[in-house]
Each structure stands twice: as C-alpha cells, then as structure tokens.
Amino acid sequence: SGLPSSGEWFFFSADATGRQYVGQSGAVSPISGGDALIMDSSTSAVYATNESTLLVDLASTGGGILKYWFKETGDENEPEDGVFLSDGVTEIQLQSHQHGPSVWTEYTIDLGQAASMGGMTLTNAMRIIFRQRDNYPVPTDGHLIDDISVFAPAPTNGQPSRPGIAAFDINNAINVNS
C-alpha cells in the first residue's frame, strides 16, 4: 500500500509471503523523512524474494546517474540483495546490499558507465531493479529504500545540467518523469 501506481514502476514478489509497502523502521530517511519503501517477508521463517523495478529511458539521455538512500534491518546476506540494471536480456549488479548498513546511506551510480562495463547498450526501456530476499518481517529483517532519483549525466562541454529522468519520494508517493 502507498506504492506508486504509475506505469514506470513494477512490483513483484516471487513468493506468497513477499511484501513491499510504505512504512518506517527506526530512524526516518535523512532527506525526505517519514516513510520509505520496505521490502521483507510477511511471515517469520519463510523466505521471500521481492523486486521493485523502475523502467527508465537511458538511450535518449546517453545514460543516467542513480541516487538513492538505503538501510537494512538485520537482513541476512543473500546474493539477490542489491540493485541491478537490465536491458531486458542482460542483467548486471550495480550495488550489492549484502552486509548493508543499519543506518541510512546514500548511493550514487553512473548507469551509463555500468551498462558499458556490462556490455549493454542503453535503451528506452532499461530496468533498475531493487531486489531483496530474506525470511522475516521488519524490524528483524528487510530493506528500506527512499529518495530514489535518476538524473541525466552532466554534460562535459560546459553546458548546464540536464533535468532529472525520474524521481521518487516514497514519503509522499511522488513519481515524476521529465
């Protein structure tokens, strides 16, 4: 509940106990405060894999910069835990969330550079996938993510910065594409 209903976001749980919702656990995120996207299992001792996927056009901008805030609540380390980039055929890990921080931490990732290193061609339907797997509900396990932004890469020729490609403030359930 409270998740964006916009066509740019897709939410999937591979298991019946998988849960993605808007809520809080401990300290609120440092930028917007309040609620964050939470991914966990709704049932103790039952594994669930969750995916929150943002569909973005990186071809028209020549790449993008992903920024987001993340913390975990005692989540065990699973290879699925992290942020991934997919062109619909190939998937690469952008950032592992294994051994993730228990305090809010900001991550910044150059999507164009990551795609290039992964042998991917940028398309108008790239998928940024936030994935979590574990076996207990928050606050025992789980991931919290907030203030997700994707910006066009900064020009290298002294031109002004380009506008954002996508932004999502979980606290206010705002999903903006420009």
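The values are calculated or read from the model by the stated rules, or taken from the named source; none is laboratory data. Just so it is clear, the model here is predicted, and its values are computed rather than measured. Neighbour counts are summed over all protein chains in view; Cβ atoms, including those assigned to glycine, are modelled from backbone coordinates with ideal geometry. Calculation scope for accessible area: heavy atoms of the full protein, side chains included, ligands and nucleic acids excluded. Shrake-Rupley method; radii C 1.70, N 1.55, O 1.52, S 1.80 Å.
The criterion of at least 1 residues that are of a type in the set (Ser, Thr, Tyr) and under 17 Å from ASP141 (Cα atoms) is met, among strands (runs of 3 or more DSSP E) falling completely within the stretch 28-90, by 36-41, 48-56. Would you confirm, using the coordinates I've provided, whether VAL46 is over 29 Å from THR123 (Cα atoms) and at pLDDT 95 or above? So VAL46 fits the description; yes. Across the stretch 24-45, the qualifying residues are those that are touching a Phe, Trp or Tyr at 6+ places or on another chain (Cβ under 8 Å), under 17 Å from SER102 (Cβ atoms) and not hydrophobic (A, V, I, L, M, F, W, C), and the one among them that is surrounded by the fewest Cβ atoms within 10 Å (Cβ to Cβ) is PRO30. State yes or no: is GLU76 touching a residue at least 40 places away in the same chain (Cβ under 8 Å) and not polar (S, T, N, Q)? For GLU76, the condition - touching a residue at least 40 places away in the same chain (Cβ under 8 Å) and not polar (S, T, N, Q) - is met. Is it the case that some residue within the stretch 79-88 is open to solvent by 50 Å² or more (accessible area, probe 1.4 Å), within 22 Å of ASP134 (Cα to Cα) and at pLDDT below 90? Checked against the condition, which is being open to solvent by 50 Å² or more (accessible area, probe 1.4 Å), within 22 Å of ASP134 (Cα to Cα) and at pLDDT below 90, the stretch 79-88 yields no hits at all.
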